[in-house]
Amino acid sequence: MPLIKARTRGKQFVRHITRFDRETNETLYAYAHFLGESAEYVLTQLVDTVLAKDKEFVAWRAGHPESYVPRRTSHHARGVRTGPIRKPVAVQGHPSAEHGADQVRA
């Protein structure tokens, strides 16, 4: 009998990126295949099932219902440049100076 319950419809999902060691990753995908579900579903159910058994955490969480998800402080976390775009500077004697590099728009 599988430990993970049947899929629930209507939940809102968020993207979470993480890393596993090779053996854990293989086990995750093998169990997902065994259930006929996605690895994302297996992870969600494991977190829900295992943490529900931690009575101390359940009690603590009831008294601390606010979000603990870290907030992004800048777009840099997504690889988006946040600083000002600098205009290229022509360096005398450099080949690009002959082609008007100082006229490139930022």
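Read-outs throughout are calculated quantities, based only on the coordinates presented, and are distinct from any laboratory measurement. Nothing here was measured: the structure is a model prediction, and the numbers come from that model. Cβ atoms come from the backbone with ideal geometry, glycine included; neighbour counts cover every protein chain shown.
The protection proxy used here, the mean number of other Cβ atoms lying within 10 Å of each residue, ranks peptides 12-19, 61-68 as follows, highest first: 61-68, 12-19. The Cβ shell under 15 Å around residue 61 holds other residues with a net charge of -2, Lys and Arg each +1, Asp and Glu each -1.
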